[in-house]
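Notes for the one structure printed next.
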Amino acid sequence: RKRGHTKVVTLYPDNEAGRGFYTEFEKDFTNNGGEIVASEFYIATGASDYRTSLLKIKSKQSNVDALVYQNITNTGEIMLKQMKEMGIEIPIVTDYYTINNPTIKDLMMFNNAEFVDYDYTKKDMPSDNTNARSFKELYRSRFGTDPSYFAASTYDAIILIAEGIKNVGHDPIKVGDYISNLKDYHGVTGLLSFNNDCEVKREMKFSKITNGLIVR
């Protein structure tokens with residue numbers, strides 16, 4: 001909504017995860033004044049032709065600002081090719097995991113798409129804290145490649161558990177309470193604060209695909 005997308009169509013996988021993501025998006029988007037003009041759910045695995053769903057999406061093309069799309073399965077490249085072949089040119093809004101789907105080899109297929117991104121980047125950034133700089137250096141020396149967000153967030157999780165055990169012992173309840181009470185913790189992936197369920201709060205940001213490259 002803040003980026004000017006007031007009317008959208010959605011395209012989510014027809015499985016528990018996709019339905020769950022859609023439910024949460026629909027609730028928040030419409031409660032904040034947005035309108036979902038149409039919603040489609042596609043077969044998540046095993047299909048090769050998505051033209052029936054895509055035709056419904058295309059029929060709304062002139063009436064919407066964006067296509068809210070998610071695909072972390074091995075059908076991503078097929079669907080994007082079929083969108084292009086059918087002349088679907090609705091601006092795509094998606095998430096980090098869809099953009100980083102390993103089956104999609106060429107980000108030009110997502111050109112001009114916007115996606116919800118993390119502050120962490122695998123390349124060195126001036127804003128990196130001491131922990132992040134050290135982690136990236138050690139990771140590259142050991143594995144010969146830049147550390148992805150998944151590697152960095154797993155590292156943060158393991159370090160937090162280790163620190164919890166060091167401070168309160170091996171009782172999992174006490175470790176959970178220790179982590180829940182952490183505020184403004186300087187992790188590899190950024191500044192972390194936790195709630196009572198040990199869920200971390202992160203600031204949302206948008207990045208864009210321009211000429212096949214991620215622009216933050």
| field | Out of K81, K56, sole residue that is surrounded by fewer than 16 Cβ atoms within 10 Å (Cβ to Cβ), of a type in the set (K, R) and under 30 Å from T145 (Cα atoms) | value | K81
| request: Could you tell me whether T121 is assigned to a helix (DSSP H, G or I), within 30 Å of N74 (Cα to Cα), under 17 Å from the mean Cα position of the chain (by Cα) and of a type in the set (S, T, N, Q)? | output: no
| message | I179 - would you say it is in contact with a Phe, Trp or Tyr (Cβ under 7 Å, 6 or more places away or on another chain) and without any contact (Cβ under 8 Å) to a residue 60 or more places away in the chain? | response | yes
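Yes/no per residue for (1) of a type in the set (D, E, K, R); (2) within 25 Å of S207 (Cβ to Cβ); (3) surrounded by 14 or more Cβ atoms within 10 Å (Cβ to Cβ):
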| position | (1), (2), (3) |
| --- | --- |
| G34 | no, yes, yes |
| A38 | no, no, yes |
| R51 | yes, no, no |
| K60 | yes, no, yes |
| From the list F194, F150, F143, which one is open to solvent by 90 Å² or more (accessible area, probe 1.4 Å) and under 30 Å from P13 (Cβ atoms)? | F150
| request: Could you figure out which of (1) touching a residue at least 60 places away in the same chain (Cβ under 8 Å); (2) assigned to a helix (DSSP H, G or I) isn't true of K56? | output: (1)
| What about M125, is it hydrophobic (A, V, I, L, M, F, W, C), within 28 Å of R202 (Cα to Cα) and surrounded by fewer than 18 Cβ atoms within 10 Å (Cβ to Cβ)? | yes
| query | Which one of these does M108 not meet: (1) more than 17 Å from A66 (Cβ to Cβ); (2) not in a helix (DSSP H, G or I)? | reply | (2)
| message | One residue is enough: does segment 198-206 have a residue meeting the conditions open to solvent by less than 100 Å² (accessible area, probe 1.4 Å), within 18 Å of the chain's Cα centre (by Cα) and free of Cβ contacts under 8 Å to residues at least 24 places away in the same chain? | response | yes
| said: Return the residues of segment 101-129 that are among the polar types (S, T, N, Q), in contact (Cβ under 8 Å) with a residue 24 or more places away in the chain and within 27 Å of I159 (Cβ to Cβ); say none if nothing qualifies. | reply: T121, N129
| said: Out of the residues in segment 158-174 meeting the condition of being aliphatic (A, V, I, L, M) and loosely packed, with under 14 Cβ neighbours inside 10 Å, tell me which one is nearest to L192 (Cα to Cα). | reply: I158
| field | Selected residue [of a type in the set (D, E) and more than 19 Å from the chain's Cα centre (by Cα)] from E85, E114 | value | E85
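The values are calculated or read from the model by the stated rules, or taken from the named source; none is laboratory data. Owing to the predicted nature of the structure, the values given are computational and were not obtained by experimental measurement. With ideal geometry, Cβ positions are generated from the backbone for all residues, glycine too; neighbour counts draw on all protein chains shown. To get the accessible areas, we keep the full protein, side chains included, count just its heavy atoms, and leave off ligands, DNA and RNA. Shrake-Rupley method; radii C 1.70, N 1.55, O 1.52, S 1.80 Å.
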